[in-house]
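Before any comments, here is the structure.
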Amino acid sequence: MQALVFYLVYPLIYLVAILPFGVLYKVSDFFYYLLRMTGYRKKVILQNLRNSFPDKSPEEIEDICQSYYRYLVDLILETFKTLTMSDQEASDHCIFHHQPWLDRLYDEKRSIILVMGHYGNWEWAGPSFSLNVKHQLVVIYRPLTHPYFEKMMVRMRTRHGTRITAVNQTLRDMVATRSEITATAFIADQTAFADKAYWMTFLNQDTPVFTGPEKLAVKFDYPVVYIDARRRSRGYYEIFPELMFEHPKNTSENEISHAFMKRLEKEILQDPVPWLWSHKRWKYSRAAETKDSPIPG
């Protein structure tokens, strides 16, 4: 049954992937109107937006919601487009702004850890980095449960030289590749389990923060680089790497995680639309005894 579903759906995905960009976005417009009609997760989206922006009017919240729907459809179709994008198209549609300290760290044979949020087009950020930076990019991801679609996603994500590692193999892979010069990338704004998280205020809400990237950065003393992914216009993104912590071993507990979330928050406040608002990010509550946790640093 899984194979049947895949072979029925895959031709449609591939058809989208081979469309010229102009046609791709006309198709996206059509699906945007369908998504609006279905009201996909609208209750979750509106609640997230209201809690994050208590000073915005109902009209402003609704405008962001509708803009988010359009962005979300673009993001899905752009992800499918990765199946056929050339190196040149990947570079043109997601421009990487190289920084000289990246070459310095490579020459010093120092691996790095990349952190970014579900913001902009994180799928296109991978090829953009791989095509412009000497470090071997290794993306940490959660495998899909459907084996056929999992193989498709692996093929998509590794087309431009990126390697991927399942999240439960992260430490083992980092130990095994210590002799290589790598850039291990985390989408680090995922929801963490309440009892294992660092809690902080993020977008005006108590938020559990995933601390895995910080712990690994400290363990290996790999510099932490924030990936600022900006949407320049429809179908075009820009990547600005920022060196946050060159020597993580010198940081205090939770300092890296806190700084990452605050940096991501700044990005979201500047342009709230291209963040994953349909995700149930705030489904956990923290215990009363952790309410007054001190800010690190």
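The values are calculated or read from the model by the stated rules, or taken from the named source; none is laboratory data. The structure displayed is predicted, hence computed values, not measured ones. Neighbour counts are summed over all protein chains in view; Cβ atoms, including those assigned to glycine, are modelled from backbone coordinates with ideal geometry.
Summary of computed values
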{"quantity": "Qualifying residue in region 208-223 (condition: farther than 17 Å from Glu265 by Cα and assigned to a strand (DSSP E or B))", "calculated": "no"}
{"quantity": "Hey, Glu214 more than 30 Å from Lys42 (Cβ to Cβ), buried (at least 18 other Cβ atoms within 10 Å of the Cβ) and at pLDDT 95 or above or not", "calculated": "yes"}
{"quantity": "Pairs where the first residue, in region 57-75, is over 13 Å from Gly120 (Cα atoms) and the second is of a type in the set (Val, Ile, Thr) and part of a helix (DSSP H, G or I), C-beta under 6 Å, 6+ apart", "calculated": "Cys65/Ile45"}
{"quantity": "Residue list for region 147-177, filter: over 21 Å from Glu78 (Cα atoms) and surrounded by fewer than 16 Cβ atoms within 10 Å (Cβ to Cβ)", "calculated": "Pro147, Ala166, Val167, Asn168, Gln169, Leu171, Arg172, Val175, Ala176"}
{"quantity": "Residue match in region 228-243 (condition: among the β-branched types (Val, Ile, Thr), within 20 Å of the chain's Cα centre (by Cα) and surrounded by fewer than 21 Cβ atoms within 10 Å (Cβ to Cβ))", "calculated": "no"}
{"quantity": "Residue match in region 154-162 (condition: more than 17 Å from Asp221 (Cα to Cα), of a type in the set (Val, Ile, Thr), touching a residue at least 60 places away in the same chain (Cβ under 8 Å) and not in a loop (DSSP other than H, G, I, E, B))", "calculated": "no"}
{"quantity": "Count - residues of region 79-121 that are on the phi < 0 side of the Ramachandran plot, surrounded by fewer than 21 Cβ atoms within 10 Å (Cβ to Cβ) and either part of a loop (DSSP other than H, G, I, E, B) or modelled with pLDDT under 95 (or both)", "calculated": "9"}
{"quantity": "Residue that is farthest from Gln190 (Cα to Cα), among those in region 202-218 that are touching a Lys or Arg at 6+ places or on another chain (Cβ under 9 Å) and free of Cβ contacts under 8 Å to residues at least 60 places away in the same chain", "calculated": "Val218"}
{"quantity": "Enumeration of residues in region 45-90 that are polar (S, T, N, Q) and in contact with a Pro (Cβ under 8 Å, 6 or more places away or on another chain)", "calculated": "Ser52, Thr82"}
{"quantity": "Only listed residue being in a helix (DSSP H, G or I) and not basic (Lys, Arg), chosen from Thr201, Thr145, Thr170", "calculated": "Thr170"}
{"quantity": "Matching entry among Ile227, Ile256 (being hydrophobic (A, V, I, L, M, F, W, C), touching a helix residue (DSSP H, G or I) at 6+ places or on another chain (Cβ under 8 Å), on the phi < 0 side of the Ramachandran plot and not in a helix (DSSP H, G or I))", "calculated": "Ile227"}
{"quantity": "Condition check for Leu137: outside any helix (DSSP H, G or I), out of contact with any Pro (no Cβ under 8 Å at 6 or more places or on another chain) and surrounded by 15 or more Cβ atoms within 10 Å (Cβ to Cβ)", "calculated": "yes"}
{"quantity": "Close pairs (7 angstrom Cβ cut-off, 6 or more residues apart or separate chains): over 22 Å from Gly22 (Cβ atoms) and in contact (Cβ under 8 Å) with a residue 12 or more places away in the chain in region 223-236, of a type in the set (Val, Ile, Thr) and not in a strand (DSSP E or B) anywhere", "calculated": "Val224/Ile256"}
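For (1) of a type in the set (Lys, Arg); (2) at pLDDT below 95; (3) closer than 27 Å to Lys283 by Cβ; (4) in contact with a Lys or Arg (Cβ under 9 Å, 6 or more places away or on another chain), each residue gets a yes or a no:
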{"position": "Ile13", "(1), (2), (3), (4)": "no, no, no, no"}
{"position": "Leu19", "(1), (2), (3), (4)": "no, no, no, yes"}
{"position": "Val27", "(1), (2), (3), (4)": "no, no, no, no"}
{"position": "Tyr33", "(1), (2), (3), (4)": "no, no, no, no"}
{"position": "Leu46", "(1), (2), (3), (4)": "no, no, yes, no"}
{"position": "Leu49", "(1), (2), (3), (4)": "no, no, yes, yes"}
{"position": "Ser67", "(1), (2), (3), (4)": "no, no, yes, no"}
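Conditions (1) more than 25 Å from Arg234 (Cα to Cα); (2) outside any helix (DSSP H, G or I), marked per residue:
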site	(1), (2)
Val5	yes, no
Leu8	yes, no
Ile13	no, no
Leu19	no, yes
Lys26	no, no
Met37	no, no
Tyr40	no, yes
